[in-house]
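Asker: One structure, as structure tokens, below. Some questions next.
The values are calculated or read from the model by the stated rules, or taken from the named source; none is laboratory data. What you see is a predicted model; the values in this text were computed from it and never measured. Note: ideal-geometry Cβ built from the backbone for every residue, glycine included; neighbour counts use all protein chains shown. Ligands, DNA and RNA are stripped out before the accessible areas are found, and what is left, the full protein with its side chains, is counted by its heavy atoms. Shrake-Rupley method; radii C 1.70, N 1.55, O 1.52, S 1.80 Å.
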Amino acid sequence: MASDDILLFLDFLQKELLLFASLCFLIGTVDDLVFDGLWIFYRLKRKLFVYSRYKRATVETLGDPAPDGRMAIFVPAWNEAPVIGAMLDRCLRQWKTSAYRIYVGCYPNDRATIAAVAAAASGSGKLRLVICRQNGPTTKADCLNHLWDALCQDEIEEKSNYTAVVLHDAEDLVHPQELRLLEHLIGRAALVQLPVIPRRATRSRWVAGHYGDEFAELHGKQMVMREALGASIPSAGVGCAFARDALLKLSVKTKGKPFDARSMTEDYELGLKLTEGDSRGIFARLRDRHGQLVATQEFFPEKLGDAIRQKSRWIAGISLSGWDRLGWNNDWRENWMRLRDRKAAMAAIVLAVAYVSVILTAILLLAEMLGVYRLQPVSEFLKTLLLINAGSLMWRQLLKSCFVFALYGLREALLSMPRTIVANLINILAAWRAVGHYINQLVGHPVNWEKTAHFYPDADDVQKLRPNLSVGERS
């Protein structure tokens with residue numbers, strides 16, 4: 001085949017791929033603009049008709065929680081010896097006035113983590129070490145089910161029930177007023193979810209930083225609107241409280257195992273199951289008297305491979321398995337939110353197509369500059385699509401940077417724009433890996449606990465971070 005024929009074929013392929021990607025982006029644009037419009041209307045309504053009449057509440061102004069309410073905090077742990085001791089010590093020091101007990105699940109073959117938990121529990125009746133029956137790792141859901149068994153056993157022996165079960169990971173930076181807020185709200189809902197704030201890792205501003213960009217918008221806008229629309233609230237797996245009675249009802253249906261070990265995203269699914277229909281979920285964005293958002297903070301993966309592994313599990317569990325395991329609903333609002341959750345895999349494919357078309361465009365432009373080929377004209381329809389999508393991209397970047405600015409400041413807001421390319425690359429590679437996860441699950445392979453190495457700042461680092469914890473909505 002002559003070089004002219006090859007370039008002509010590449011030109012044809014480039015325009016077909018560009019047309020496909022542009023049409024898909026247009027569909028996504030309509031979806032996003034409708035959602036953004038509803039969010040803007042909701043915020044304006046709250047500002048004009050609620051906050052103009054009532055002073056914004058802080059966690060300290062809430063009424064006192066029920067005196068007989070106790071919270072059980074579940075912390076599943078596998079190979080968490082470097083971080084879990086500091087996390088538990090921080091919780092025990094700052095939750096002195098709350099009624100709670102921390103249940104930590106460890107494995108018989110993870111002696112280092114067991115030793116770290118035992119050291120943190122020394123002299124405290126607030127911490128209970130639970131050893132799983134099997135060697136690890138099994139799954140996170142299996143470890144949580146062992147903690148549920150231990151809680152039920154304690155309730156029988158102590159003749160006193162807990163009010164809620166709170167989930168946390170071994171690397172979480174918890175807020176001192178978290179339990180007070182959860183205790184106040186849990187009586188009104190089956191699930192209360194607090195915002196999650198990824199900490200900024202200075203040595204991984206691009207990979208770890210993209211989590212901050214995504215969660216700033218996810219927990220600043222999307223979760224807020226889910227609750228406002230009356231749709232179910234997915235659990236983020238940390239900083240969330242499940243009503244004990246709601247978990248008990250589910251446990252009866254699942255033979256004593258409320259956390260589904262067959263799921264790759266058991267926390268997400270559990271939240272949807274508990275808050276769909278007549279049940280209610282609350283996404284709580286509230287600040288303390290210092291202006292600090294009551295939220296869970298943690299350091300997300302810093303390496304490209306770790307980020308891809310983590311997000312591939314999210315995509316496989318939510319975007320692919322979600323269709324099979326959760327299906328759809330009779331409510332249009334619920335189906336709309338589930339569709340938005342599940343479009344990640346398709347979005348990654350469209351992004352990959354778009355990047356291929358960009359590469360082909362660069363090749364053809366180079367050929368034209370060298371005088372060996374002349375680009376074929378672009379149709380008016382495609383030009384219109386490209387202009388619409390370019391405007392949509394500018395809007396999306398501007399809106400996202402506003403959320404990032406509210407959390408992290410101007411520098412990170414500006415970096416969030418070029419960091420979108422890194423996020424897209426991670427999502428494309430994660431989607432490819434997620435397909436493998438999904439196929440393995442379809443053929444009956446057991447779900448594995450794929451976890452990444454965690455980082456927890458030492459005492460000096462926590463003090464340095466504290467001034468920067470006053471993050472949240474600037475409204």
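Asker: Let me understand region 95-214 better: what is its radius of gyration from the alpha carbons, and its Dmax, in angstrom?
Answerer: Both quantities, over Cα of region 95-214: 16.7, 51 Å.
Asker: What do you reckon, how do E380, E183, E178, E158 stack up by accessible area (1.4 Å probe), largest on top?
Answerer: E380, E158, E183, E178
Asker: Another one. Just subtract the alpha-carbon distance of V378 and L304 from 0.36 nm times their residue separation and send over the number in nm, one decimal.
Answerer: My answer for the length gained is 23.0 nm.
Asker: Determine the shape class of region 151-192: with a ≥ b ≥ c the square roots of the Cα gyration tensor eigenvalues, call it rounded for a/c under 1.5, and otherwise prolate if a/b is greater than b/c, oblate otherwise.
Answerer: Oblate, since a/c reaches 1.5 and b/c is not below a/b.
Asker: Something else now. Hey, rough spin-label estimate for H290 and R46, points 7 angstrom out along Cα→Cβ, what's it come to in nanometres?
Answerer: Each label point lies 7 Å from its Cα, and together they span 2.3 nm.
Asker: Using 0.36 nm per residue of separation minus the Cα-Cα distance, give me the extension gain between K343 and V435 in nm, one decimal.
Answerer: 31.7 nm
Asker: Give me the Debye-computed log₁₀ of I(q)/I(0) at q = 0.23 Å⁻¹ for region 345-392, equal point scatterers on Cα only, no solvent, two decimals.
Answerer: -0.98
Asker: If we count every other residue with Cβ under 14 angstrom of C24's Cβ, Lys/Arg +1 and Asp/Glu -1, where does the sum land?
Answerer: Surrounding charge for C24 is -2.
Asker: Normalised radius of gyration for the chain, please: alpha carbon Rg relative to 2.2 N^0.38 Å, two decimal places.
Answerer: Computed over Cα atoms of the chain, the ratio equals 1.05.
Asker: Counting pairs of alpha carbon atoms under 8 Å apart in space and at least six apart in sequence, what relative contact order in percent does region 169-286 give?
Answerer: Over region 169-286, the number comes to 40 percent.
Asker: Can you compute the equivalent ellipsoid semi-axes for region 236-370, i.e. the square root of 5 times each eigenvalue of the Cα gyration tensor, sorted largest first and rounded to whole Å?
Answerer: Those come to 38, 21, 16 Å.
Asker: Beyond 21 Å, how much of the Cα-Cα pair distribution for region 1-97 remains, as a whole percent?
Answerer: 73
Asker: May I ask you to give the percent of accessible area on the chain that is carbon plus sulfur, with a probe radius of 1.4 Å?
Answerer: About 61 percent, which is the carbon plus sulfur part of the accessible surface.
Asker: With every protein chain left in place, what is the accessible area per residue of the chain in square angstrom, probe 1.4 Å?
Answerer: 48
Asker: Based on the Cβ-Cβ distance from N335 to K159, what FRET efficiency comes out when R0 is 41 Å, to the nearest 0.05?
Answerer: 0.40
Asker: Using a 10 Å cut-off on Cβ atoms, rank the peptides 113-119, 258-264 from the highest mean neighbour count down.
Answerer: The peptides rank, most packed first, as 258-264, 113-119.
Asker: For F12 and I421 in the same chain, what is the full-extension length gain: residue separation times 0.36 nm, less their Cα-Cα distance, in nm?
Answerer: Separation in residues times 0.36 nm, less the Cα-Cα distance, equals 144.7 nm.
Asker: How much accessible surface area, in Å² rounded to 10, belongs to the heavy atoms of L19 with a 1.4 Å probe?
Answerer: Number for this one is 50 Å².
Asker: For region 8-51 and region 370-448, write down the distance between their C-alpha centroids in whole Å.
Answerer: Centre-to-centre distance over Cα atoms comes out at 12 Å.
Asker: Among D288, D89, D324, what's the order by accessible area (1.4 angstrom probe), most exposed first?
Answerer: D324, D89, D288
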